[in-house]
Structures are given as structure tokens and as C-alpha cells.
């Protein structure tokens, strides 16, 4: 069956929908389970509502920070909260740049105005990302400091990179996003490849969202338990239930998973077989 070539923004939306639909992904919302306040439908709705902002990213319209702000505004329209803030941090430059090389150039060209718009977007969410003692989004002097010091959005991400793996992607050439893309191709096609790639990531990298929520030990323990699943000494289903019971949701790796799926789709990865 022939169909028109998909736009980059559409592939980004598809990546968002595919990530949340794959199951089981330990601790995270998927087609197998919801959270009390956030359901699968909220994630799918956000994937739809993000289309306008992702289109702006593809068209080369406003700056990256402003596009992220628009994506947050457009997806803060349901009771499930903002479901994809971290994903937007990755998808917007990747869509704007038409891939990794262009994204690297795009993030390095961000401005102070991008940083200010991003902080406004940050303020509209309730996510544990990019937190620091002296660049706190809840501090009314934070925006003033950004302007006084001339901090671009790239500078903000570089400042946060040691503590936040999503921000770190801006400074390391989107390394984990590229690794995720390669894992998807290595594992074949469809939702099973997404689950296996996610487990690989979880066994190799402590999730910084988990670390911020529950501490570094919890992030390391989650990584170790994922390794036990890969070794065959713990079932994936049992690990999933364990994460859910402990409130462990590897949200940063989920964001990176979305970006990796997007990159894979751009290179022809078969999502529907």
C-alpha cells in the first residue's frame, strides 16, 4: 500500500504514540497500566495535540525555546498533566535540524530568548527536570539572571547536564538517542523491539528522573534489576510490578526512547511489522 512520505513532525508524533503504546516498559504508563492521575489516553492525546508545535519546529519558525513553550501550552489541556516535556526538549531540535547533525547545530545556535521561553515552559509543568539550587524556575530572579549573564538555552542545558540525562543529550551529540535508534534496528521491528531497547537502556544507564524523585541509590538499584531481567533471573513482568509498587518510573529514559524512535523512523525502521 502506497502513501505519501511522512513529514518530520508527523514522525515525531508517531514516536510519542509508539513509545507509550509498547508494553511492558517497567514502571511507566503503557497499554498495560495507568497511573492514578495519568492514563494512556493522556499520553496519546498529547501526541496529537503536539502536532502544531512540532510543525513549527519543522518549518523553521520561532526559536527552539519558543517552540517548546508552544508544545507545553498545547499539551497542557487535559487532566493528566504535561506528559512529554522532556521529549520536547529532544524532539524539537531534532525536528528543527532534520536529524542529529542539524540538531547539534540548532542547539548551539540557541539564544537568551530561547532560554527565557524555555523557563516559562518549565514553569508550566510539574516535572523533575533541570533542577538546581541557583537556577530554580520557581525563583523570580532566575529569568533576570539568564538575561544578565547572557545564558543561552544551550548554556542552560550544559549547566544541567551533569544531573539530567535529557539535558546531557544537547551536549554530547544526542548520544543516547542515537544509541536507542541503533538498538531498535538491532532488535527488529514493532513494539517488542521498543520494549527490548528500553530494557537495554534501563540496564545500562541510571535514570536521572528516578534519581531526582527517589535518590541515586534507587536509580542504581533499578539499573541493576533491569540487568537481572536481561540475565534471565527476574521476569520482566515481575520487574514491572516491582517498579510500580515502589513508584519507580524511568521518565528520562522514556523521553530518550521517544527521540530514538523518531530517529529510527526517519531511517526507515519498521514500526508496524
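The values are calculated or read from the model by the stated rules, or taken from the named source; none is laboratory data. Quick caveat: nothing in here was measured; it's all calculated off a predicted structure. Note that each Cβ is placed from the backbone with ideal geometry, even for glycine, and that neighbours are counted across all protein chains shown.
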What is the residue count in segment 149-175 for residues that are outside any helix (DSSP H, G or I) and over 13 Å from residue 115 (Cα atoms)? 7
Which one of these does residue 91 not meet: (1) outside any loop (DSSP other than H, G, I, E, B); (2) free of Cβ contacts under 8 Å to residues at least 60 places away in the same chain? (2)
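Mind checking which residues of segment 77-93 are more than 12 Å from residue 256 (Cα to Cα) and either surrounded by fewer than 17 Cβ atoms within 10 Å (Cβ to Cβ) or under 16 Å from the mean Cα position of the chain (by Cα) (or both)? Walk me through it before giving the result.
Filtering segment 77-93 for residues more than 12 Å from residue 256 (Cα to Cα) gives 77-83, 92-93.
Result: 77, 78, 79, 81, 82, 83, 92, 93.
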What helices (runs of 4 or more DSSP H), lying completely within segment 176-272, carry at least 2 residues that are under 14 Å from residue 15 (Cα atoms) and at pLDDT 95 or above? 190-204, 251-266
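So that you can scan it fast, the table gives a plain yes or no per residue for (1) surrounded by 15 or more Cβ atoms within 10 Å (Cβ to Cβ); (2) modelled with pLDDT of 95 or more:
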| residue | (1), (2) |
| --- | --- |
| 3 | no, no |
| 10 | yes, yes |
| 13 | yes, yes |
| 16 | yes, yes |
| 21 | yes, yes |
| 29 | yes, no |
| 33 | yes, no |
| 36 | no, no |
Checked 218, 175, 204, 193 against criteria (within 19 Å of residue 89 (Cα to Cα), in contact with a helix residue (DSSP H, G or I) (Cβ under 8 Å, 6 or more places away or on another chain) and surrounded by fewer than 24 Cβ atoms within 10 Å (Cβ to Cβ)); the one match is 175
Could you check residue 71 against (1) farther than 28 Å from residue 240 by Cα; (2) within 15 Å of the chain's Cα centre (by Cα); (3) surrounded by fewer than 23 Cβ atoms within 10 Å (Cβ to Cβ) and say which number it fails? (3)
